[in-house]
Amino acid sequence: MKIFLLILLLSFSFIGIAQANHLLINSHLEKFKNAKSYTLSMAEKLPEEKYDFKPVKEEMSFKVQLVH
């Protein structure tokens with residue numbers, strides 16, 4: 001009987017973890033979709049001939065930053 005209760009308890013804890021992971025994955029997917037649309041929007045607004053622009057020498061260019 002103790003073994004049955006232990007297995008039952010472990011099963012419920014794994015179900016809870018799986019549901020928490022599902023929520024985490026969904027929230028990250030939403031953030032990545034938003035980041036993708038924002039990045040594409042920014043890339044479309046800047047003319048292509050300015051993609052090599054660097055505000056200062058040590059900074060990455062816009063093109064390198066997009067790929068990064």
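The values are calculated or read from the model by the stated rules, or taken from the named source; none is laboratory data. Fair warning: this is a prediction, and the values are worked out from it, not measured in the lab. Please note: Cβ atoms are built from the backbone with ideal geometry, for glycine as well, and neighbour counts cover all protein chains shown. Only protein heavy atoms, including side chains, enter the accessible area calculation; ligands, DNA and RNA are left aside. Shrake-Rupley method; radii C 1.70, N 1.55, O 1.52, S 1.80 Å.
Quick notes on this structure:
- Total residues in segment 32-68, condition loosely packed, with under 10 Cβ neighbours inside 10 Å and assigned to a loop (DSSP other than H, G, I, E, B): 6
- The residue pairs whose first member lies in segment 55-67 and is without any contact (Cβ under 8 Å) to a residue 40 or more places away in the chain, whose second member is open to solvent by less than 80 Å² (accessible area, probe 1.4 Å) and in a helix (DSSP H, G or I), and whose beta carbons are closer than 7 Å, counting only pairs six or more residues apart or on different chains, are L66/T39; L66/A43.
- In a residue-by-residue description of segment 26-35, the property of being at pLDDT 90 or above and over 14 Å from the mean Cα position of the chain (by Cα) applies to no position.
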